[in-house]
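**Q** One structure is given below, represented as structure tokens, and several questions about it will come after.
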């Protein structure tokens, strides 16, 4: 390995948003804050803590402003929130979050189903968000997650040229960072390599994140493929919960503990304490009793041959 191969990798924990929004139950605020603090204590330094959407749509995340408040008290933590539109972005700015993530579907059909607007209409909304953020003098960074970049359960194939067109469009509209998301678990490692290489040639370091689901068992392989071409930041979810309502049967996001193990096994630092992370998974499993948690390292444990990262 070259020295650059061993640059630290950031794992953004998305369980408090992507994970919990997929469940019918609502986790109490005090347990969310306990999860947040324990994840920070385990070494996680970027956490997606919620979403500013109407409470009638996602009552599970109605306390996002409170979770942001708790997150801001944790040193060195990048607090991320998802926002679907300008109204949500204004709430994110008011909350003091460090980063707002706007999901924009490349698939026309998925965009209409998920956001009730076309992809290009979503880009126009992004431009309004950027203008409002700048007018407010806020430091809240704007990231776009290009959803269904590798395929769509509604539309089927998503053309790579359309992904690259949308990548250029969101950068022109004011996105400061962009991620490519395998929202429904269709990607394979060669596709990931090809699309990220093309995207990095356009966006450089602004293409900064990979978001993968383990729906068909290729989640870690896809993370590795993106890492090999230079991606150093990934979304992951404790226990592999979460998913997309338009991907029936999906097992959820790649599990944080499995992705952390992948990199630790290769000597790539993530800053994560395994014992603390696995202990947190145990507590979350108790809070979510009856819900399916995924991932393998929590069951098998760390191998004796693995050197400490």
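Rule-based calculations on the coordinates, nothing more; no lab input. Not measured: the values here are computed from a predicted model. As a convention, Cβ positions derive from the backbone with ideal geometry for all residues, glycine included, and neighbour counts pool all protein chains shown.
**Q** As a check on your grasp of the helix formula, calculate [θ] at 222 nm for the chain: sum -39500 (n - 2.57) over DSSP H runs of n ≥ 4, divide by the residue count, round to the nearest 500.
**A** Working: 11 runs with 124 residues, N = 309.
After summing the helix terms and dividing by the residues of the chain, the value is -12000 deg cm²/dmol.
**Q** How large is the direction-averaged shadow of the alpha-carbon convex hull of the range 63-113, in nm²?
**A** Working: hull surface 16.7 nm².
Averaged projected hull area, Cα only: 4.2 nm².
**Q** Using 7 Å Cα-to-Cβ label points, what is the residue 30/residue 113 separation (nm, one decimal)?
**A** Label-label distance for residue 30 and residue 113, simple model: 4.0 nm.
**Q** Could you order peptides 8-19, 272-283, 212-223 by the average number of other Cβ atoms within 10 Å of their residues, highest first? Intermediate values should be presented prior to the final figure.
**A** Numbers: 8-19: 24.3, 272-283: 18.0, 212-223: 22.2.
The densest-packed peptide leads the list: 8-19, 212-223, 272-283.
**Q** Something else: Can you give the Kirkwood hydrodynamic radius for the range 3-300, in Å, rounded to one decimal and based on Cα pairs?
**A** On the way: mean 1/r = 0.0531 Å⁻¹.
It works out to 18.8 Å.
**Q** While we're here: Please compute one quarter of the surface area of the Cα convex hull for the range 66-180 and express it in square nanometres. All intermediate terms of the calculation are to be shown ahead of the outcome.
**A** Working: hull surface 28.8 nm².
Quarter of the Cα hull surface area: 7.2 nm².
**Q** Send over the Kirkwood Rh of the range 183-246, from the inverse of the averaged 1/r over different Cα pairs, rounded to one decimal Å. Don't jump to the answer; show the numbers that get you there.
**A** Details: mean 1/r = 0.0828 Å⁻¹.
The Cα-based Kirkwood calculation yields 12.1 Å.
**Q** Neighbour counts of other C-beta atoms within 10 Å: give me 205, 46, 176 arranged from fewest to most. Could the numbers behind the result be given before it?
**A** Numbers: 205 9, 46 20, 176 15.
Ranked by crowding around the Cβ, least crowded first: 205, 176, 46.
**Q** For Cα pairs less than 8 Å apart in space and 6+ apart in sequence, what is the mean separation divided by the residue count of the range 103-195, i.e. the relative contact order in percent?
**A** Numbers: 131 pairs, mean separation 32.0, N = 93.
RCO, the range 103-195: 34 percent.
**Q** Give the relative contact order (percent, whole number) for the chain; include only Cα pairs under 8 Å separated by 6+ residues. All intermediate terms of the calculation are to be shown ahead of the outcome.
**A** Working: 621 pairs, mean separation 59.2, N = 309.
Relative contact order of the chain: 19 percent.
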